[in-house]
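Q: Okay, handing you the structure first.
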Amino acid sequence: PRHNAGFWYIADLARKLGVYLQPDRAYHGLVARANTAQGPVWLLQPQTYMNLSGKSVSALARFFKINPDEILVVHDELDLLPGQVKLKKGGGHGGHNGLRDIHAQLGTPDYWRLRLGIGHPGVKHEVANYVLRKPPQSEREAIFKCIDLALTATEPMLLGDLNKAVALVHAQPPRPKPPRKDPASAKPG
């Protein structure tokens, strides 16, 4: 379902880093440790209910003394269309119950978020069903393109160059320029 967009990113990142996610009851999820040139990186897919994600994130962060500004939470985002992705630090939870719990458990909103657009069904009471449904092929492809784009920012993120990471994630393909009108050929109207 659309709600798994964050998990899709983590699975692709695990492949990129050459690690496998394994169940770990201490952190209530699937966990992998990647040893990179910049030090260890922990990947986590909480296996709690989504609205209890903070229990999993905070357990790992507390044990390994990981600061909130060293945490990247990857999640589906109703306010962005499929094919859109944003990277930012801090902010509200926008009604996302997983983020709400992570805020509460970490005691701060000052962690990084990678927001993968899934679009909005248009009416609020449809949201629960919408996020739990499988997106059509065209939307899935758009979401996976965003994940590929976001993965290009892995190295600057690991190096702590978050400005470069943000620039890479927010890079949009250049729009085609409209054809130029030659003012000499314009007829007076």
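Q: Please report, ordered by residue number, the strands (runs of 3 or more DSSP E) entirely within the range 48-125 with at least 2 residues that are open to solvent by less than 70 Å² (accessible area, probe 1.4 Å) and of a type in the set (Val, Ile, Thr).
A: Hits in the range 48-125: 72-77.
Q: Quick test of your reading of the structure: LEU162 fulfils all but one of (1) exposed (fewer than 13 other Cβ atoms within 10 Å of the Cβ); (2) more than 21 Å from ASN51 (Cα to Cα). Name the failing condition by number.
A: Of (1) exposed (fewer than 13 other Cβ atoms within 10 Å of the Cβ); (2) more than 21 Å from ASN51 (Cα to Cα), only one is false for LEU162: (1).
Q: Is it fair to say VAL31 is in a strand (DSSP E or B), in contact (Cβ under 8 Å) with a residue 60 or more places away in the chain and either under 20 Å from LEU162 (Cβ atoms) or more than 14 Å from the chain's Cα centre (by Cα) (or both)?
A: Here the answer is no, as VAL31 does not meet what is asked.
Q: Moving on to the next point. Output the residues belonging to the range 126-147 that are open to solvent by 40 Å² or more (accessible area, probe 1.4 Å) and either among the acidic types (Asp, Glu) or within 28 Å of ARG15 (Cβ to Cβ) (or both).
A: Those that are open to solvent by 40 Å² or more (accessible area, probe 1.4 Å) and either among the acidic types (Asp, Glu) or within 28 Å of ARG15 (Cβ to Cβ) (or both): GLU126, LEU132, ARG133, LYS134, PRO136, GLN137, SER138, GLU139, ARG140, GLU141, PHE144, LYS145.
The values are calculated or read from the model by the stated rules, or taken from the named source; none is laboratory data. This is a predicted model, so every value here is computed, not measured. Note that each Cβ is placed from the backbone with ideal geometry, even for glycine, and that neighbours are counted across all protein chains shown. The protein model used for the area step is the full one, side chains on, heavy atoms only, and it has no ligands, DNA or RNA in it. Shrake-Rupley method; radii C 1.70, N 1.55, O 1.52, S 1.80 Å.
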